[in-house]
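The structure appears below as structure tokens.
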Amino acid sequence: MKKILALLLVACIALVGMAGAANYMYEKADVKGVGYKNVETIIQTQAGLVGNKLVEKESGSGNVITERTEIEVLRDPFNKPSDGTEECCGDYINFTKEAEFEYMPVSYQTGTYDQKWIEKLCVQNYNIGAVVVEMYTHAEHLQKNTEVKTRKDCQVNGDCGNCTGALEANFNSNVIGVAHIGWLSKDTTTNSKGRHPEYGRSVEDLTGVFSIEKFIQLWGNETCGAISVDWLPCL
């Protein structure tokens, strides 16, 4: 009897561990106002240097004329179909943001806030070796519409180590300040020297008054690389 209870306890602990993390995450926000704002968002679909990852940082003082953000995340690495075959279920992150900010110092009883607007976004897809960066700093005015989708596609009746996916970004912005937009494509596997070969890179830095429209599409179909140091850094 004690042995049976012990086995049941172990099974319960295992089930709790399996259900310990949310497989689906969704957030929608609509913010307007005047003052100081500071937000940091970090999302990762898999543990370690695999899967999809998104990091966003926003801070500044002044007028938040409009800000609408929507984030949808699915992290479900394996799914067993009813026919008994194994399917590598694709995880993904969908991110959209429409915002307009104006810099202005503000003072409250708690202190004075005088910081120009900063917007930083980095999205990494380790499955295909792709990264996209959008960053604005020292912004006196920033109006932006950003849409980023990154995913790992499903493999039915195939090798779960074979990773396919895509990273797509659409940037449309007007800025008075400093803008930095870039993308990087690397091989997910290492060469004889233990390095990840680089296939493409684009980095654009702008300072002044600019209107920016850019579409980036990075697709991949390669075998996943070994987990080691972060070989896919933000640019």
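The values are calculated or read from the model by the stated rules, or taken from the named source; none is laboratory data. A quick note: this is a predicted structure, and the numbers were derived from the prediction, not measured. In this analysis, Cβ positions are derived from the backbone assuming ideal geometry, glycine residues included, and neighbour counts consider all displayed protein chains.
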Item to check | Hits in the stretch 167-184 - residues which are under 15 Å from Asn125 (Cα atoms) and surrounded by 20 or more Cβ atoms within 10 Å (Cβ to Cβ) | outcome: Leu167, Ala169, Trp183, Leu184
Checklist entry - Among the residues of the stretch 32-57, which ones are of a type in the set (A, V, I, L, M), in contact (Cβ under 8 Å) with a residue 40 or more places away in the chain and either loosely packed, with under 14 Cβ neighbours inside 10 Å or in a loop (DSSP other than H, G, I, E, B) (or both)? => result Val34, Leu49, Val50
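Residue-by-condition table, conditions (1) at pLDDT 95 or above; (2) of a type in the set (A, V, I, L, M); (3) buried (at least 19 other Cβ atoms within 10 Å of the Cβ):
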| residue | (1), (2), (3) |
| --- | --- |
| Thr85 | no, no, no |
| Glu102 | yes, no, no |
| Thr110 | no, no, no |
| Asn127 | no, no, yes |
| Met135 | yes, yes, no |
| His141 | yes, no, no |
| Glu147 | yes, no, no |
Item to check | Some residue of the stretch 62-73 being modelled with pLDDT of 95 or more, in a strand (DSSP E or B), touching a Pro at 6+ places or on another chain (Cβ under 9 Å) and buried (at least 20 other Cβ atoms within 10 Å of the Cβ) | outcome: yes
Checklist entry - Can you spot a residue in the stretch 214-222 that is assigned to a loop (DSSP other than H, G, I, E, B), modelled with pLDDT under 95 and surrounded by fewer than 19 Cβ atoms within 10 Å (Cβ to Cβ)? => result no
Next on the checklist: I'd like the residue in the stretch 97-145 that is closer than 22 Å to Cys234 by Cα and among the polar types (S, T, N, Q) and, out of all such residues, is nearest to the chain's Cα centre (by Cα).
Outcome noted: Gln124
